[in-house]
Number of protein chains: 2
Amino acid sequence: MASNQITRTANFSLQRGCHECSLSKLCIPIAVESDQIEQLEEIIKQGRMLSRGDYIFEQHSPFKSCFALRSGAIKTFTLSEEGEEQVTGFYLPGEIIGLDSVSMDNYSCSAVALERTSVCEIPLDRFEDLSTRIPSLQHHFFGLLSSEIQQSRQLSMLLSKNTAEERIASLLLSLSNRFKRRRLSETHFKLPMPRSDIGNYLGLAVETVSRVLTRFQNQGLIKVQGRDIEILDLAGLQVLLKHDTGCIEAHAKAGTS
Amino acid sequence: MASNQITRTANFSLQRGCHECSLSKLCIPIAVESDQIEQLEEIIKQGRMLSRGDYIFEQHSPFKSCFALRSGAIKTFTLSEEGEEQVTGFYLPGEIIGLDSVSMDNYSCSAVALERTSVCEIPLDRFEDLSTRIPSLQHHFFGLLSSEIQQSRQLSMLLSKNTAEERIASLLLSLSNRFKRRRLSETHFKLPMPRSDIGNYLGLAVETVSRVLTRFQNQGLIKVQGRDIEILDLAGLQVLLKHDTGCIEAHAKAGTS
DNA sequence: CGTACAGTTGAGGAGATTCAATCATCGTGG
DNA sequence: CCACGATGATTGAATCTCCTCAACTGTACG
């Protein structure tokens with residue numbers, strides 16, 4: 001059971017709170033004045049640690065909270081009746097998961113850690129309450145939800161119109177951008193997910209993902225070594241997507257407005 | 001210019017307000033007490049009429065309002081740099097458009113009437129303001145945005161995993177459900193959009209849409225006569241989608257929670 | 001009544017999938 | 001510490017679905 005896995009890893013604070021968090025300029029705190037940040041900290045449960053494979057929440061279980069990702073990486077997915085998995089998103093630090101289940105009774109997907117990960121819990125009833133008192137917070141949250149819609153739309157567009165190469169280029173560039181935003185290298189990073197998850201997410205067979213990556217390598221666009229990716233020709237990848245405006249951001253998840 | 005088309009059709013009230021609107025149980029009013037409904041009416045501009053081809057708003061123009069669809073039908077779409085159209089959604093009475101642009105500076109897509117249509121305008125700054133005073137309204141709007149995310153996710157899943165037949169079956173069933181919700185026939189209706197828009201939306205060539213529809217007809221699932229659709233075997237269509245839970249609702253847009 | 005436009009139908013081709021086999025990598029236990 | 005199994009990743013060959021191109025038919029509207 002997932003719930004066991006969650007409780008197995010103790011709840012302890014990595015840091016004292018949002019005001020000291022290195023991600024505060026990417027995450028929710030960006031929406032509130034510094035003198036209101038303690039009200040935010042009051043409702044947010046800090047830094048739960050998770051190991052790879054641990055569930056943050058499970059599809060169909062009662063919805064209570066969204067989660068802000070502090071470190072690590074998370075994938076969300078749904079299971080069909082036949083138990084087939086469908087990956088719906090990858091999330092990196094500073095991004096928020098569970099937005100698609102807000103004000104639903106149950107989570108519409110499961111979330112699982114792809115590596116050692118820590119998250120902050122945002123109980124939504126208390127957050128809604130706080131939002132009515134801090135209009136800028138409400139405004140920000142509307143924006144988060146809205147941009148999540150837009151990003152999901154762009155994913156749909158990517159899936160409906162673009163080839164395998166374009167889809168994978170798009171994902172690589174999205175990851176690159178998101179690493180860059182955190183002041184990490186935009187050209188050299190490690191994929192947090194296996195090929196199978198990439199394929200599942202992008203509507204491609206694992207084999208196709210593999211083939212495209214080696215093709216990119218042969219073209220001198222990237223250098224692949226397992227999950228280690230080095231982008232040699234950023235512009236070259238971008239050219240592949242020139243068709244669809246903004247699809248570079250298609251997988252970038254909530255976090256900035 | 002689209003703005004000309006908008007002003008060309010005069011702004012006049014079809015009905016006095018939300019409290020008399022036949023869609024009040026599908027639309028925003030469902031979220032507020034009857035004694036608060038006048039506060040809602042105060043900020044909502046009623047019943048602007050539009051002809052086929054008229055724009056409700058245009059991509060990249062400044063975002064101000066969302067719109068509730070009162071009658072008719074609307075499609076939303078984006079244009080790529082090369083001017084290629086990408087249909088992002090179809091909307092029917094009781095549903096709300098513009099949610100993907102909330103708290104953005106500009107609309108992220110254009111919205112155009114597919115037939116004679118009337119809409120109610122919801123200026124978002126005033127709506128946000130009202131939301132802080134009516135928590136149930138804020139809660140409802142969070143829910144609207146959230147379910148829009150979910151529906152967009154389900155569309156992504158549909159596009160990434162399903163065949164042409166499954167996609168089209170899904171759209172037909174979605175329309176059927178949405179007509180049913182408005183107490184119209186769920187088995188006999190008129191498609192508000194041309195085949196090209198269906199194909200564009202579902203990531204299929206027009207020819208494929210046509211072929212699948214005739215195939216469905218030959219299989220006795222439906223009866224097609226141009227845009228006139230009669231579903232002869234509702235269960236049969238549903239069987240085609242048994243794989244993906246919920247994708248029947250994938251195209252159903254915001255309106256109920 | 002003819003000109004657009006929307007929709008249908010057919011033939012051929014391309015991209016991605018599936019099936020199958022091989023290779024690499026990582027964590028674990030002997 | 002190395003061998004081993006398991007999982008992840010790669011590569012090849014055959015197949016299939018859907019797209020493209022093309023021609024044709026039907027329909028709406030001036």
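The values are calculated or read from the model by the stated rules, or taken from the named source; none is laboratory data. Being a predicted model, the structure only gives us computed values, none of them experimental. All Cβ positions, glycine included, derive from the backbone under ideal geometry; neighbour counts span all protein chains shown.
Given the residues A:GLN150, A:GLN225, which is the only one that is within 10 Å of DNA strand D (Cβ to nearest atom) and at pLDDT below 95?
Working: A:GLN150 fails: within 10 Å of DNA strand D (Cβ to nearest atom).
None of the others qualify; the one that does is A:GLN225.
Tally up the residues in segment A:72-107 that are under 20 Å from A:ILE198 (Cα atoms) and touching a Pro at 6+ places or on another chain (Cβ under 9 Å), please.
Going through segment A:72-107 one residue at a time, the tally reaches 6.
Among residues belonging to segment B:184-220 that are without any contact (Cβ under 8 Å) to a residue 24 or more places away in the chain and among the hydroxyl-bearing types (Ser, Thr, Tyr), point out the one that is farthest from DNA strand D (Cβ to nearest atom).
B:SER185
Yes/no matrix, rows are residues, columns are (1) in contact (Cβ under 8 Å) with a residue 12 or more places away in the chain; (2) out of contact with any Gly (no Cβ under 6 Å at 6 or more places or on another chain); (3) assigned to a loop (DSSP other than H, G, I, E, B); (4) within 30 Å of B:LEU232 (Cβ to Cβ):
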residue: B:HIS139; (1), (2), (3), (4): yes, yes, no, no
residue: B:ILE149; (1), (2), (3), (4): no, yes, no, no
residue: B:LEU155; (1), (2), (3), (4): yes, yes, no, yes
residue: B:LEU159; (1), (2), (3), (4): yes, no, no, yes
residue: B:LEU173; (1), (2), (3), (4): yes, yes, no, yes
residue: B:ASN177; (1), (2), (3), (4): yes, yes, no, yes
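For the structure I just gave you, tell me whether B:LEU202 is crowded, with 18+ Cβ neighbours inside 10 Å, within 14 Å of DNA strand C (Cβ to nearest atom) and in the same structural domain as B:SER24 (by TED's automatic domain parsing).
no
This table checks each residue for (1) out of contact with any Phe, Trp or Tyr (no Cβ under 6 Å at 6 or more places or on another chain); (2) among the aromatic types (Phe, Trp, Tyr); (3) in a helix (DSSP H, G or I); (4) closer than 22 Å to B:GLN154 by Cβ.
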site	(1), (2), (3), (4)
A:ARG48	yes, no, no, no
A:PHE67	yes, yes, no, yes
A:ARG70	yes, no, no, no
A:GLY83	yes, no, no, yes
A:SER103	no, no, no, yes
A:ILE122	yes, no, no, no
A:ARG126	yes, no, yes, no
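Can you pull out every residue in segment B:105-116 that is assigned to a loop (DSSP other than H, G, I, E, B) and free of Cβ contacts under 8 Å to residues at least 60 places away in the same chain? Spell out the reasoning first.
So the first thing to find is which residues in segment B:105-116 are assigned to a loop (DSSP other than H, G, I, E, B), and the list is B:105, B:107-109, B:114-116.
Once the filter is applied, which keeps residues that are assigned to a loop (DSSP other than H, G, I, E, B) and free of Cβ contacts under 8 Å to residues at least 60 places away in the same chain, segment B:105-116 yields B:ASP105, B:TYR107, B:SER108, B:CYS109.
So, of the residues in segment A:157-199 that are among the hydrophobic types (A, V, I, L, M, F, W, C), within 16 Å of DNA strand C (Cβ to nearest atom) and more than 14 Å from chain B (Cβ to nearest Cβ), which turns out to be farthest from B:ALA164 (Cα to Cα)? Steps first, please.
Step one: of segment A:157-199, the residues among the hydrophobic types (A, V, I, L, M, F, W, C) are A:157-159, A:164, A:168-169, A:171-173, A:175, A:179, A:184, A:189, A:191, A:193, A:198.
Now narrow it down to the ones that are within 16 Å of DNA strand C (Cβ to nearest atom): A:157-159, A:164, A:168-169, A:171-172, A:189, A:191, A:193, A:198.
Imposing the further condition that a residue be more than 14 Å from chain B (Cβ to nearest Cβ) reduces the set to A:169, A:172, A:189, A:191, A:193.
Details: A:ALA169: 25, A:LEU172: 28, A:PHE189: 37, A:LEU191: 32, A:MET193: 29 Å.
Out of the qualifying residues, it is A:PHE189.
Consider A:ARG211 carefully, then state whether it is in a helix (DSSP H, G or I), buried (at least 23 other Cβ atoms within 10 Å of the Cβ) and at pLDDT 95 or above. Don't jump to the end; show me each part of the working.
Details: in a helix (DSSP H, G or I): yes; buried (at least 23 other Cβ atoms within 10 Å of the Cβ): no; at pLDDT 95 or above: yes.
For A:ARG211, the condition - in a helix (DSSP H, G or I), buried (at least 23 other Cβ atoms within 10 Å of the Cβ) and at pLDDT 95 or above - is not met.
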